[in-house]
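For reference, the structure discussed in these notes is given below.
The values are calculated or read from the model by the stated rules, or taken from the named source; none is laboratory data. These figures come from a predicted structure and were not determined experimentally. Because the Cβ atoms are built from the backbone with ideal geometry, glycine has one as well, and the counts that use them run over all protein chains shown.
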Amino acid sequence: MRIGILGLGYVGLTLAIAASDKGIEVYGTEINPHIKQCLSENKAHFFEPGLNAIIRKVNNKNFFCVNSFPQNLKFDAFIITVGTPLKNNKKQPDFEYIRTALKSLKGIYSGNELIILRSTVSVGTTRNIVLPYLAEISGCPEDDLLVSMCPERTVEGKAVEELTHLPQIISGNNETALNIAQNLFRKITPYVIPVDSLEEAELVKLYCNTYRDMTFAIGNAFCRAAQMFGVNGMDVIKHANQGYSRSNICLPGFVAGPCLEKDAYILTNNMENCPSKEFIMFGRKFNESLENMVVEWVEKKIGSGDGKKIVALSGLTFKGIPETSDLRGSSSIYIARKLKQLGYVLHLHDFVAIPEEITALNLGTYFESLYNACDQALLLLVLNNNRKYADIEKKPEILNSKNNFSILDTWDICTNLKNETDINIYTLGNMYID
Ligand SMILES: NC(=O)c1ccc[n+]([C@@H]2O[C@H](COP(=O)([O-])OP(=O)(O)OC[C@H]3O[C@@H](n4cnc5c(N)ncnc54)[C@H](O)[C@@H]3O)[C@@H](O)[C@H]2O)c1
């Protein structure tokens, strides 16, 4: 089997490498020169456990990063994995990348190959945007074409493992498309779930992420409400869940990253007049409001920014478990931008992010050491849940030596530090208790 993959970002590259590792011949195209350069050096452009080892094994053997798909080869399928960001101030999904990717198939796509959409899209996109466009570039009637929507559901930081284990949602515009897509994904994982329509596959993906978004929103809302009664919001949730399986309330925290920040918008984008839209958007907006809550707390704690007050921010990637180097859609970056605008001087640290990417954001000075980042700072904001924060408990004396210094430990990770230092340590659970 030979396939072409358009886009070698997080989704495209991990899929390309997993597929070629299973013996499928994979050709991938990518427009970002940095990604191509990394691949020519046998490595990925991002941190993903296990990925580089397989790249070294398959690169230029049955995985080929090419500028365009070879015209003399016959392909069974092309998979579109380009980004689907939001435009217009986070309101509308931008499907232009998909259109451009499809356009690049002109002259190679004969109308016989299966086109698989892997990117996250609003319901109806595969049938109403992709299919007519394919008919236009191939000159074939829509009914003769083969289209599938097979969404990606891996989590960054565990994608290599999950691609061969997670159930793959498979759909097709007809029986043939469904069968080819099933055959393809069965080579990668034993577990495929054929669904009834392209629209159902689109919805499955959007439901998976929006469900997570909304359950986190409940944790965030409960945490905030508890503090109105003088109760620690994190403790009450932990105690409500403890030994009581009917409660599984999420602990509070930022709900961000390249997928969760947008998928509720992509879902509700064409849900006008549906009462569910308001319900879903309420949860999304509540999660977003956490970022401003932290900024307001900083102002309240140390006063307005004056071009001199230093705030250390650590945990800039959008999550710490599993570890990722991805800064896209990170609440930490939003908070850093806001604080910089307000006149604070920022010291930036992260355990995993690529230092050049942090520096390129132009938001503050990058520090390799967390302790050095805290030097002269009035506050340390611990913004993601990387397990390495537990290590700061091993050197409490370093932080203890600072005057007028507080920590906002948003994920309540430096738990033992509270007993070992005189530093004021706040969490999302008590930051609003006066
Ligand atoms: N990141 C994740 O873990 C994840 C998980 C599930 C679903 N998704 C969805 O998958 C899609 C891709 O996400 P991603 O994180 O991989 O994005 P990404 O930005 O990392 O990757 C997309 C890649 O496509 C390339 N590209 C754009 N136009 C191209 C073209 N015409 N030809 C060739 N390459 C082109 C870009 O340069 C980029 O490298 C999105 O819809 C996203 O919502 C992502």
Take residue 110 and decide whether it is part of a loop (DSSP other than H, G, I, E, B), more than 30 Å from residue 320 (Cβ to Cβ) and near the ligand (Cβ under 10 Å from one of its atoms).
-> no
Please enumerate the residues belonging to the stretch 23-46 that are surrounded by fewer than 18 Cβ atoms within 10 Å (Cβ to Cβ) and in a loop (DSSP other than H, G, I, E, B).
-> 23, 31, 32, 41, 42, 43
Please identify the pairs in which a residue from the stretch 17-40 that is in contact (Cβ under 8 Å) with a residue 12 or more places away in the chain and of a type outside the set (A, V, I, L, M) has its Cβ atom under 6 Å from the Cβ atom of a residue that is part of a helix (DSSP H, G or I) and away from the ligand (no atom under 13 Å from the Cβ), counting only partners at least 6 apart or on another chain.
-> 20/58; 21/54; 21/58
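Listed here are the residues, each with its yes/no results for (1) assigned to a loop (DSSP other than H, G, I, E, B); (2) within 16 Å of the ligand (Cβ to nearest atom); (3) in contact with a strand residue (DSSP E or B) (Cβ under 8 Å, 6 or more places away or on another chain).
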| site | (1), (2), (3) |
| --- | --- |
| 166 | yes, yes, no |
| 173 | yes, no, yes |
| 176 | no, no, yes |
| 180 | no, no, yes |
| 184 | no, no, yes |
Determine whether residue 290 is part of a helix (DSSP H, G or I) and within 16 Å of the ligand (Cβ to nearest atom).
-> no
Inter-residue pairs, beta-carbon under 8 Å, first more than 14 Å from residue 410 (Cβ to Cβ) and in the stretch 304-324, second crowded, with 19+ Cβ neighbours inside 10 Å and hydroxyl-bearing (Ser, Thr, Tyr), 6+ apart = 305/344; 309/344; 310/344; 323/317; 324/317
Failed item, numbered, when residue 301 is tested on (1) in contact (Cβ under 8 Å) with a residue 12 or more places away in the chain; (2) within 26 Å of residue 207 (Cβ to Cβ) = (2)
When you look at residue 243, is it in a loop (DSSP other than H, G, I, E, B), touching a residue at least 60 places away in the same chain (Cβ under 8 Å) and either assigned by TED's automatic domain parsing to the domain that holds residue 427 or basic (Lys, Arg) (or both), yes or no?
-> no
How about the stretch 359-376: which of its residues are over 17 Å from residue 411 (Cα atoms) and surrounded by 23 or more Cβ atoms within 10 Å (Cβ to Cβ)?
-> 373, 374
